[in-house]
Amino acid sequence: GGLGWGGNSYYALDITNPDAPQHLFTVNNDTTNQLINYWDASGKKSSFAYSAGCTSFDYSKLGGAWSRPVIMLLPYIEGSTSQRWVAAFGGGFAGGASATGTTATSAYGSYVYVLELEPDTTKSTASCGATGSSVVTSTGGHVLTAAAVASDSTSNIPNGVTADLTVITGDGTSSANYYGGLAYFTDLQGKLWKLNLSKSSLSDSNAGLFTLYESFLDQATLANDRLAYNQLGSTIVSGTSATGASVNRLFNYFGSGDMIRLQRRVSTINNRIFGVMDSDFPATNLSKTNQTVSTFTNIDPAANPANTQQCTVNNSWYGDVYAMTGVSAAADYQKIVGRAAVYNKYVYFSAYQPEALSCPLYGTSRLIEVTDSCGVGSGGALIGSGLATAPVVDSRGNIYVGMSNLPPSTSLPSGRDNLAKLNSSNLASSGRVKYKSWREKKVY
């Protein structure tokens, strides 16, 4: 787990026995003093200054620990083993970074980390400059890679990777014909990335691992608000290629918006939703790199009034949030909050709009529905007053959204308490909201 706003730090616990959890390791990046701190399983602390020669314990690129680690089995040859359990996560938040000219830069945050969870007695903090009683041996958590995520030179947003990684493995799709996984994620400058954490054979060398490709950039600036904080929603879309062959394409869905300044009202705000295709999946490479929306299909109703400009499985797409919710014909301060939900060929986004006051306290949330291949669904359904969470869809097609910051004496159009319930276009059956709970069974 990470400390989030609490600091640039991750920890690991062994909860094999939930009644007696064991500490495995903790890592911390002290950016103020430029020190790295590592605690082993016993709690012994090792502190050492940043060093160019430090690799196995180099957490100097770690920002605010917002990205939830993905635990996976990585095909990585080390000693006599060909697979290792690892944690993969974004380098985090670095919002205090200074900007030089139009380019926002930072020494940390805009990285992706892969840490080995298993102990390795061949690695100690002595390699990073620790001396004497401060030297400890790895009890897990040493760095396999801290891959640099390049910044957009035209963006003035301090870059970082706060989003959880989406790792596509064989557990999620039969199309994943490899060991390990392919990771997809966004950074704060709105760029979409593909990271190779896979091999076609366990005997392949490690040289091909951790290759990073930039798929798309949404040309985000502080003015247009198009930051990307959230994890991707992903699915396989089936269709026909340009040559008439049946194909399965991987699509990643996300929306933009500044999650730190939700109530910000600036006339230049223009957030968007995206469906970005990886036509090379399950290959580890990426042939379409550095894309912009200039090559995407625009699904705004005004650009496609008769809904005839349907995307195919061969097209990436985008839509302006204000156009998809039908609120206005100009920027209206809306932003996408939370991860996109994918269910039965539909994709759902929660959009939030602060109230029309110079110092807004409240706001309104709406739900955007589109098909996974970009056909417009039911449009921008009103959820109600309040700040929505990411949508969650059950097996029947009911959509649930939690609502916070409800104005006094306000009730939701549907649902119960602060849980809103909406229906998708392909709702299997209707019914009341059902709540289930569990209680511990005690044996005496």
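The values are calculated or read from the model by the stated rules, or taken from the named source; none is laboratory data. Model, not experiment: these values are computed from the prediction. Note that we place each Cβ from the backbone using ideal geometry, even for glycine, and neighbour counts take in every protein chain shown. These accessible areas exclude ligands, DNA and RNA; they are computed on the full protein's heavy atoms, side chains included. Shrake-Rupley method; radii C 1.70, N 1.55, O 1.52, S 1.80 Å.
Annotation: residue 380 fulfils all but one of (1) buried (at least 19 other Cβ atoms within 10 Å of the Cβ); (2) modelled with pLDDT of 90 or more; (3) touching a Gly at 6+ places or on another chain (Cβ under 8 Å); the unmet one is (2). Could we say that residue 179 is surrounded by fewer than 21 Cβ atoms within 10 Å (Cβ to Cβ), under 30 Å from residue 249 (Cα atoms) and not β-branched (Val, Ile, Thr) here? So residue 179 fits the description; yes. Flag: residue 232 does not match the condition of being touching a strand residue (DSSP E or B) at 6+ places or on another chain (Cβ under 7 Å), closer than 24 Å to residue 92 by Cβ and modelled with pLDDT under 95. When the residues of the stretch 140-172 are filtered to those that are buried (at least 19 other Cβ atoms within 10 Å of the Cβ) and over 17 Å from residue 88 (Cα atoms), which remaining residue is nearest to the chain's Cα centre (by Cα)? This residue is 159.
Residues considered: 266, 247. Of these, the only one that is part of a loop (DSSP other than H, G, I, E, B) and either surrounded by 17 or more Cβ atoms within 10 Å (Cβ to Cβ) or touching a residue at least 60 places away in the same chain (Cβ under 8 Å) (or both) is 266.
Any idea how many residues of the stretch 357-372 are in contact with a Ser or Thr (Cβ under 7 Å, 6 or more places away or on another chain), under 28 Å from residue 278 (Cα atoms) and assigned to a strand (DSSP E or B)? Even if it seems obvious, please write down each step before you answer.
Initially, the stretch 357-372 is screened for residues in contact with a Ser or Thr (Cβ under 7 Å, 6 or more places away or on another chain), giving 362, 364-369, 372.
Within this subset, residues satisfying the condition of being under 28 Å from residue 278 (Cα atoms) are 367-369, 372.
Add one more test, that the residue is assigned to a strand (DSSP E or B), and what stays is 367-369.
The total comes to 3.
Of all residues in the stretch 62-78, those satisfying the criterion of being of a type outside the set (A, V, I, L, M), open to solvent by 20 Å² or more (accessible area, probe 1.4 Å) and closer than 17 Å to residue 1 by Cα are 66, 68, 69. Considering only residues in the stretch 206-244 that are in contact (Cβ under 8 Å) with a residue 24 or more places away in the chain, small (Gly, Ala, Ser) and more than 25 Å from residue 69 (Cα to Cα), the one that is most open to solvent (accessible area, probe 1.4 Å) turns out to be 242.
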